[in-house]
Every structure is written in structure tokens, then in C-alpha cells.
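First comes the structure, then the notes that go with it.
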Amino acid sequence: MRDTHGVGNTNPLPFFAVKQRIEAALSAYAGRFVVVLVPNITHVLYGRDVGYVVERIVLDDKVEAISATQLRRLGAER
């Protein structure tokens, strides 16, 4: 999970709160995944031909349609 806590008003929850929600939602799959904190990398910049490749992983339409903002809104309504 990207470390975006405190980056604007749309990321109000700290890592551990989000991690707990993810683990609760995926409890049927406990032991089959790990939620880890990664830096909030927003850009990858490189110069010259130093061997870096930047690729986008394209997931299926159902996964691509997931909106964390929408999920937070739904959670706030409960």
C-alpha cells in the first residue's frame, strides 16, 4: 500500500487503519496475502540510457475499476 496518509484530505487514514480494513475485508484469504507499506512514489524519472524500463501493468476491467476513494466513501456511510 502506498504511504499517502496526510497527502491531502482524501487520504485521512494512517497505514495501520487501512491495513486492518484490508485484512478484515480479505479475511477469507488470510495467510495468502501480505499488506506492506511502500513509499508514495508518484514519478519515475531517468536520464540517458541507463537500463531502466518503466512499464504499466494492465489488469482486468473489474480490478481497474476499483476506486479507493469510492470505497472510503462507502465505508464512511456505514
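Okay, here's what the table says:
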| item | result |
| --- | --- |
| Subset of region 55-78 that is open to solvent by 90 Å² or more (accessible area, probe 1.4 Å) and among the β-branched types (Val, Ile, Thr) - its residue that is nearest to residue 22 (Cα to Cα) | 66 |
| Subset of region 12-48 [surrounded by 10 or more Cβ atoms within 10 Å (Cβ to Cβ) and among the aliphatic types (A, V, I, L, M)] | 13, 17, 18, 22, 25, 26, 35, 37 |
| Residue match in region 38-55 (condition: touching a Phe, Trp or Tyr at 6+ places or on another chain (Cβ under 6 Å) and at pLDDT below 80) | yes |
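The values are calculated or read from the model by the stated rules, or taken from the named source; none is laboratory data. Quick caveat, the model's predicted, so the values are computed rather than measured. All Cβ positions, even for glycine, are placed from backbone atoms using ideal geometry, and neighbour counts span all protein chains on display. Surface accessibility is based on the protein's heavy atoms, side chains included, excluding ligands, DNA and RNA. Shrake-Rupley method; radii C 1.70, N 1.55, O 1.52, S 1.80 Å.
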